[in-house]
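These notes concern the structure reproduced below.
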Protein chains: 2
Amino acid sequence: MTTTLSRTETFLDLAGKLLGPKGLTTEADALAQWVTDWRGRYTGRALALASPASTVEVAALVKLCVEHGIPIVPQGGNSGMAGGATPDDSGTAILLSLRRMNAIRSMDASSGQCVCDAGVILQILHEEADSMALRFPLTLGGKGSATVGGLISTNAGGTQVLRHGTMRAQVLGIEAVLADGSVFDGLTVLKKDNRGFDLKQLFIGSEGTLGIVTAATLRLVPAASARSTAWVGLPTITAARNLLRFVDKAMGDALEGFEVVPDHCLDSVLKHLPDARAPLSDRHAWNALVECISSDGDSAALRDELESALGAAMEEGLLEDAVLASSESQSEHFWLLRDSISAAERALGPAMQHDISVPVDAMPEFILAAIPEIERRFPGTTGAAFGHLGDGNVHFHILAPPGAKPGEWEESEGKQISAHVYDLVTDWGGSISAEHGIGQMKVAELGRLGDPVALDIMRRVKQALDPNGLLNPGKLVPLTE
Amino acid sequence: MTTTLSRTETFLDLAGKLLGPKGLTTEADALAQWVTDWRGRYTGRALALASPASTVEVAALVKLCVEHGIPIVPQGGNSGMAGGATPDDSGTAILLSLRRMNAIRSMDASSGQCVCDAGVILQILHEEADSMALRFPLTLGGKGSATVGGLISTNAGGTQVLRHGTMRAQVLGIEAVLADGSVFDGLTVLKKDNRGFDLKQLFIGSEGTLGIVTAATLRLVPAASARSTAWVGLPTITAARNLLRFVDKAMGDALEGFEVVPDHCLDSVLKHLPDARAPLSDRHAWNALVECISSDGDSAALRDELESALGAAMEEGLLEDAVLASSESQSEHFWLLRDSISAAERALGPAMQHDISVPVDAMPEFILAAIPEIERRFPGTTGAAFGHLGDGNVHFHILAPPGAKPGEWEESEGKQISAHVYDLVTDWGGSISAEHGIGQMKVAELGRLGDPVALDIMRRVKQALDPNGLLNPGKLVPLTE
């Protein structure tokens, strides 16, 4: 007796044999957590959840997918912000989790390098580096779930970009499985190598659309020996930019963070967190959180240095008031105020959130022009811009008018507001995605607003490396003009 | 009466009208200097020398070339090391000089950025930056002719890579004309931008095979305020590597150069330069030239710091002797010794020169293994390795046996030696081109030794961006397997 299996059934049968029971499941319960993004904004369906244990298994699986025409959605910690790791609702794709591949293959203090599997979790990497008096100089809110592969695929940012750059700057080498199942082995680090195109760059920030990152060689820096944090009161956002320039010059490489918070955001946070206190006695139109880190000094010396820099800035009229954290716990309190803005805002009602950038020097002028313009155009709304001023990247939130209906407002006026924000940002030469990526969330907007020449190059490269369109379809690359 | 013009004649007619008499010439005298590379190793022929005055003219010219099927060989200062800017001898291509496009469009101290046309000469850029108390942190021997566009297209290295990286690290934005004549405008600098692939990376180090770089936004650093140079005597190359690690830790970001010179190379230089003196009283098997630069200290303080670092290294047995330059002219003398090795070597007879890299930590072991192996296999030859130890990149020269016939030897035994050197480097996970590029010189060797998966990606990307194969044909990308 013979049975005829469908193409999909044949694929699942072969994939199950390849990966074993730990490596493949089609059970709805096991899949449920991973077919929805962590914020619950996108939900899709998948044929199966594949969890290969090695690069060899990933390569063999991709070959099987090519033979059977099965799309592949790679996934790390499922903590992305743009739905880039969530399948569509056709149910034709497999979800390819890299989480089982979680070995730190090597870590070397003398070269300041480590080689990690794609599934290594950021926090684990931090801890391992710390145990060798080293530091991986990138961190972000989702560090307990975000994986090395996901950080690379989204070119993640975070709060240390000012000094250390985005994930791209930390990646020295890459191993990736290509759309035909071949393995690109670019893990060996050469400081100088001019044998053609720098292929690893193609896989950084391409959200799994050109290949599946399976491992990487990453840069490590010496562990921090000192940290000093200050909270500064400022009259205007332009004053904040001028202070940034001043502190950058005075503190040099020690300056690692420069975050801005408008007074009304601080106000929301203070109402939202019962135990929170304003760091300064008076209130100021803008606040800056300034953080310096050193790897070869002590905290008292660094604190003195930051204090005298801020003192000099005050004498030059660059700030209204400032306080330095006197302890680690006070530093943490400053950061808690900064990190609670989104949560405090949610308590106020619906808001449209935008992760945008413009050239660093232009950000104050952009904020001063854009917020009143939007509040005028959409009466009753309130604009809030806060975050990484030092990177020219703010979180640009527009709060709904009082009484707006959650769920409804976002789909009606909210959508118009977002389109308008992206129009404005594009007019200012900025980016509609500074650090969160495009995923499925912004792919239509990128198609609408992206430079046609750049989009054409992206489409050509995508077609060249993934001619069957099986790698993370529907993400990042607007395929039609 | 009608005359029928050939396709080529029609093209030249239209190109002449487009570019005017200053922009196009077919005169042999005007072409002669540019169809041969500066070292006289490669000579080709060209239909014409086109010298457009603007990006708009480059774009229009490329469109004309596409319409008439004319290949294009872009050229900057014609000071490349691999024949990458020299046309083949078919005479079917035009030589596209970017030298007329030589404006520094803007230079801004507060952002530390400048926007340059592709034809800006490196030395001019240095001088302009210096006049604003800034520094462009890349330099090399050909700075009087090398252009920004050429430096980008070859991802140039030089003597400051240890601290500042290769050209790739200096490029913040790019403008390029693509193979269809469209213009990719990526000059606006955003510190964070995750709108898809980082397209500028494609044009860096691709030797004009994917597009013609017409302008770039470059990174500037504060001008140097202090410089201190030391000459160090060492027993072994392994000791040199250990000293590098020690000084790197002790001097941090101030360490900008770490060059190694074996005793027999120093000996050749001292015989070659009548006025040269050995910096140290005794001779040592290996020497290191160590250079530190600071932008916020004075020279005396920097000198003291380097002196105490070297003193501590001596106490730990990491070096045999050391002397610090007591003046700028003594610093220059140390560099003259380093920079005269190739010239001194030429006086000794023919040699095969190789620009190779292996992982930084592996270089001593590579040198210790490879030189005796080659000298054994090719009796009478002498191996010399010198240069950028801090980058894992040495100039690896094999001198002919005494009495070898110049011209003949290179074509017979010399060729076998080079192939063997490239085999060894590849076995060690290294690069057959650390900083000079592939051009036409090494394209066959790259085809022979390159990772097949990497070569396949390169071919796909080349085909995607230049489907007619008109951009710098025969360079960099080994087209056939």
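Just one residue in the set A:Leu319, A:Leu310, A:Leu289 is part of a helix (DSSP H, G or I) and in contact (Cβ under 8 Å) with a residue 12 or more places away in the chain; that residue is A:Leu310.
Restricting the first member to the stretch B:237-256 and to residues that are free of Cβ contacts under 8 Å to residues at least 12 places away in the same chain, and the second to residues that are surrounded by fewer than 17 Cβ atoms within 10 Å (Cβ to Cβ) and among the hydroxyl-bearing types (Ser, Thr, Tyr), the beta-carbon pairs closer than 7 Å and six or more apart or on different chains are B:Arg245/A:Ser110.
What residue, of B:Thr229, B:Thr147, is among the polar types (S, T, N, Q), more than 13 Å from chain A (Cβ to nearest Cβ) and under 30 Å from B:Ala59 (Cβ atoms)?
Numbers: B:Thr229 fails: under 30 Å from B:Ala59 (Cβ atoms).
Unique residue meeting the criteria: B:Thr147.
Note on the stretch B:169-221: residues that are at the interface with chain A (Cβ under 9 Å from one of its Cβ atoms), touching a residue at least 60 places away in the same chain (Cβ under 8 Å) and under 30 Å from B:Glu256 (Cα atoms) total 5. In the stretch A:345-402, of all residues being touching a residue at least 60 places away in the same chain (Cβ under 8 Å), among the β-branched types (Val, Ile, Thr) and outside any helix (DSSP H, G or I), the one that is nearest to A:Thr159 (Cα to Cα) corresponds to A:Val394. Could you check how many residues of the stretch B:323-344 are hydroxyl-bearing (Ser, Thr, Tyr), out of contact with any strand residue (DSSP E or B) (no Cβ under 8 Å at 6 or more places or on another chain) and without any contact (Cβ under 8 Å) to a residue 60 or more places away in the chain? Total meeting the criteria: 3. Of all the numbered requirements in (1) surrounded by 22 or more Cβ atoms within 10 Å (Cβ to Cβ); (2) within 21 Å of the chain's Cα centre (by Cα), A:Tyr422 misses one, and that requirement is (1). Among all residues of the stretch A:275-294, there is none that is in the same structural domain as A:Ile237 (by TED's automatic domain parsing), of a type in the set (S, T, N, Q) and more than 24 Å from A:Ala313 (Cα to Cα).
For the stretch B:247-278: of the residues being assigned to a strand (DSSP E or B) and among the acidic types (Asp, Glu), which is nearest to B:Gly165 (Cα to Cα)?
Within the stretch B:247-278, the first condition is being assigned to a strand (DSSP E or B), and the residues that meet it are B:255-262.
Filter once more, keeping what is among the acidic types (Asp, Glu): B:256, B:259.
Working: B:Glu256: 10, B:Glu259: 15 Å.
If we take residues in the stretch B:247-278 being assigned to a strand (DSSP E or B) and among the acidic types (Asp, Glu), then B:Glu256 is nearest to B:Gly165 (Cα to Cα).
When A:Glu411, A:Glu445 are screened for being in the same structural domain as A:Val360 (by TED's automatic domain parsing) and out of contact with any His (no Cβ under 8 Å at 6 or more places or on another chain), only A:Glu411 passes.
Please enumerate the residues belonging to the stretch A:251-269 that are surrounded by fewer than 17 Cβ atoms within 10 Å (Cβ to Cβ) and not acidic (Asp, Glu).
Passing the criteria: A:Gly252, A:His264.
The residue pairs whose first member lies in the stretch A:415-435 and is in contact (Cβ under 8 Å) with a residue 40 or more places away in the chain, whose second member is part of a helix (DSSP H, G or I), and whose beta carbons are closer than 6 Å, counting only pairs six or more residues apart or on different chains, are A:Tyr422/A:Glu445; A:Tyr422/A:Leu449; A:Leu424/A:Ala370; A:Trp428/A:Phe366; A:Ile432/A:Tyr422; A:Ile432/A:Val425; A:Ile432/A:Glu445.
Would you point out the residue of the stretch B:436-454, among those that are outside any helix (DSSP H, G or I) and touching a residue at least 24 places away in the same chain (Cβ under 8 Å), that is nearest to the other protein chains (Cβ to nearest Cβ)? If you could, list the steps in order and put the result at the bottom.
We begin by selecting, within the stretch B:436-454, every residue outside any helix (DSSP H, G or I); these are B:436-442, B:450-451.
From the residues that got through so far, the ones that are touching a residue at least 24 places away in the same chain (Cβ under 8 Å) too are B:436-442, B:450.
Details: B:His436: 7, B:Gly437: 5, B:Ile438: 6, B:Gly439: 10, B:Gln440: 14, B:Met441: 12, B:Lys442: 8, B:Gly450: 6 Å.
Only one residue tops the list, namely B:Gly437.
The residues of the stretch B:109-140 that are among the hydroxyl-bearing types (Ser, Thr, Tyr) and modelled with pLDDT of 95 or more amount to a single one, B:Ser131.
What are the residues in the stretch A:136-165 that are closer than 23 Å to A:Asp296 by Cα and either among the small types (Gly, Ala, Ser) or in contact with a Pro (Cβ under 7 Å, 6 or more places away or on another chain) (or both), if any?
Here is the first cut: in the stretch A:136-165, the residues closer than 23 Å to A:Asp296 by Cα are A:136-139, A:159-165.
Listed by number, the residues that qualify are A:Gln160, A:His164, A:Gly165.
A residue that is of a type in the set (Lys, Arg) and not in a helix (DSSP H, G or I) cannot be found anywhere in the stretch B:415-424.
The values are calculated or read from the model by the stated rules, or taken from the named source; none is laboratory data. What you see is a predicted model, and the numbers here were worked out from it, not measured in a lab. Note: ideal-geometry Cβ built from the backbone for every residue, glycine included; neighbour counts use all protein chains shown.
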